[in-house]
Amino acid sequence: MNQLLVNNVTLVFAFALVLVAMLISYREKLGLNKDILLSILRAIIQLTLIGYVLKYIFKINNVFLTILMCLFIIFNAAWNAYKRNPNTNRNYWETFAALFVSTTVTLGIIMLTGSLKFIPSQVIPITGMIASNSMVAVGLCYRNLQSQFRDQRQQILEKLALGAPIKLAAITILRESIKTAMQPTIDSAKTMGLVSLPGMMSGLIFAGVDPVSAIRYQILVTFMLLSTTSLGAIIAGYLAYRRYFNKRQQLLTQE
Amino acid sequence: MGIIELQNVSYADGDQTIIHHVDLSVSAGDSLTISGPSGCGKSTLLKLIASLISPTSGTISFNGKNQTAYDYPTYRQQVSYCFQQPTLFDNSVRDNLKLPFQIRSVPFDEARIGALLELVDLPLTFLDKKVIDLSGGEKQRIALIRNLVFPPQVLLLDEVTVGLDTRSKTIVQALIKNVQEQTTTVIQVTHDETEIAAATHLIEMRQGALQK
C-alpha cells in the first residue's frame, strides 16, 4: 500500500490554499472572508469529530450503532436539502422521505448484489456518498421548481382555469425540475475518466489498489449515484409540487 | 335561482379589500356584461367565480350547490375562465388544443377542432403552427377555442378583445355571440364601448362593489 503523506504539518502548509481564496475575496471585495474562515473551521471540527466517531463505530462493529449513524447522515442530508427549498410552504418530512427512500433503496440493491457487506466501514461511507448526491439532486429539484412556478405562473393558472387537475397543470414543470436535478450526475458520468477521476476511484488508487480494480468500484458508484439522484429527485419533486397549491387546487402566491 | 349566485361575497388581499359584499344572480343562458374603471375588481370577481381564488367571506353557488362542494377541476370545466391576453403553452397550437382532451382523458378529435378553427376563420393546418409565430389576435382566438372545445355551462370572459386588431375583434365578438346563442351563460368584463352598448344585461362595478 502507498505511504499516505498527509500529516498535521502538511495540512498547516496546505492552509496557504485557503489564503489564496481569502486574498482573492479581499482584493475583489467579494465579502467572503468571514464565510471562508467559518466554512474551514466547521469542516475541520466536523471532520475531526467524525473521524473519531467513525474510528469508534468501526472498532465496536455494532449493527444498531451503524444504522443510527446512517440515519444521522440521512437526517442531516435531508435538513440541508430542505433548507435549499425556497418555497415557504415546505415540509421537512417530505424531504426526509425522499432522502431516506433514495438512500436505502440504492444501498439495499448494492447489498443484494453482494458488492457491499453490512459492516460499518463499508456501509457508513457509502451511505454518506449516496445521501450527499441525493441531497444535491433534491436541492436542485426544489430550486428549479420554485423558479419555474414563478416564471410559468400564468400558464399554470390557465391550465387550472381550463379544469386541469394540479398534476396535469404542473407536469411540465415537474418533469423539467427532475431532469435538471439529474443532469449533473448524467453529465458527470459522461465525462468520467476523461475529465475527472472521481473520489472513490482516486481514494482506492491512493490506497494502492490497482487502477483497473478501482475502476470497477467507480462504475458501481456511478450506477449508485444515477439511482439515488433519480429516486431522490422524483420523490422530492412529486411531493413538493403539491405545496404550490392549496386544498382548493388554487395556485398559491409566492412571497 | 340563477346558475351562478353570489351572496355577500368579499375578497381581500392582505389589508386591501378588493371586492365588497357583492350579491349577484345570473340566470342560465343569460349574458351579463360587467364594466367599470381599471382596478375596480372586475377581473378579481371573475376569478372568484372561476374558483381560481376563494372569497374571504360570503358564498358562491353554481347550479344551487356551493362552489366548495364541487371537485374543483370538474367545476372549472363547467365554469370556464378565459384570460385577458392569454398565454399559449408548449410549442404548437395542437399542444394547446389537446389539453382539454387530456384533461377529460378522451382522444383528440381533429374534426371538432377543425370546425372550431373555422368558426374563428383559421384553417386546420394552423394546428401545427408554432405558438411563437402567432399574432396577438390569433393567440386570443386559439385561447378562446381552448375554452370551448367542450362547451362549458358558464363562460367567463376577461376583456378578451382588448388590444386586438379590428378583424380579430370582429371574429372574437362573432364567436362570443355564437356561444351566447347556444345556451351557454356568458359573463364578460369589458371596457369596449361597442360591447357595452350591445350588452343585453349590463352591471357597472366601482371600487369593488356592483352598482345597482
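The values are calculated or read from the model by the stated rules, or taken from the named source; none is laboratory data. As the structure is a prediction and not an experimental result, all values here were calculated from the model. Cβ coordinates were reconstructed from backbone atoms using ideal geometry, including for glycine residues, and neighbour counts include every protein chain displayed.
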Which condition from (1) without any contact (Cβ under 8 Å) to a residue 40 or more places away in the chain; (2) within 14 Å of another protein chain (Cβ to nearest Cβ); (3) touching a helix residue (DSSP H, G or I) at 6+ places or on another chain (Cβ under 9 Å); (4) surrounded by fewer than 16 Cβ atoms within 10 Å (Cβ to Cβ) is the one that A:ASN246 breaks? (3)
Pairs returned, first residue in the stretch B:76-87 that is more than 8 Å from every other protein chain (Cβ to nearest Cβ) and over 17 Å from B:GLN153 (Cα atoms), second residue that is assigned to a helix (DSSP H, G or I) and among the basic types (Lys, Arg), beta-carbon separation under 8 angstrom, 6 or more apart or interchain, are none
Tell me, please, whether a residue that is farther than 24 Å from A:THR180 by Cβ and in contact with a Lys or Arg (Cβ under 9 Å, 6 or more places away or on another chain) can be found in the stretch A:65-82. no
Please return the ranges of helices (runs of 4 or more DSSP H) entirely within the stretch A:96-191 where 2 or more residues are at pLDDT below 95 and away from chain B (no Cβ under 14 Å). A:120-151, A:166-191
Does the stretch B:122-145 hold any residues that are in contact with a Ser or Thr (Cβ under 9 Å, 6 or more places away or on another chain) and within 22 Å of B:ASP192 (Cβ to Cβ), and which are they? B:SER135, B:GLY136, B:GLY137, B:GLU138, B:LYS139, B:GLN140, B:ARG141, B:ALA143
Tell me which residues, restricted to the stretch B:105-128, are modelled with pLDDT of 95 or more and in contact with a Gly (Cβ under 8 Å, 6 or more places away or on another chain). none
B:GLN188 in contact with a strand residue (DSSP E or B) (Cβ under 6 Å, 6 or more places away or on another chain) and either closer than 18 Å to B:PHE83 by Cα or of a type in the set (Val, Ile, Thr) (or both): yes
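Let's see how each residue does on (1) surrounded by 15 or more Cβ atoms within 10 Å (Cβ to Cβ); (2) within 20 Å of B:GLY36 (Cα to Cα):
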{"site": "B:ASP158", "(1), (2)": "yes, yes"}
{"site": "B:VAL162", "(1), (2)": "yes, yes"}
{"site": "B:LYS177", "(1), (2)": "no, no"}
{"site": "B:THR183", "(1), (2)": "no, no"}
{"site": "B:GLN188", "(1), (2)": "yes, yes"}
{"site": "B:ALA197", "(1), (2)": "no, yes"}
{"site": "B:ILE203", "(1), (2)": "yes, yes"}
{"site": "B:LEU210", "(1), (2)": "yes, yes"}
Filtering the stretch B:109-143 down to residues that are acidic (Asp, Glu) and either within 11 Å of another protein chain (Cβ to nearest Cβ) or not in a helix (DSSP H, G or I) (or both) yields B:ASP109, B:ASP121
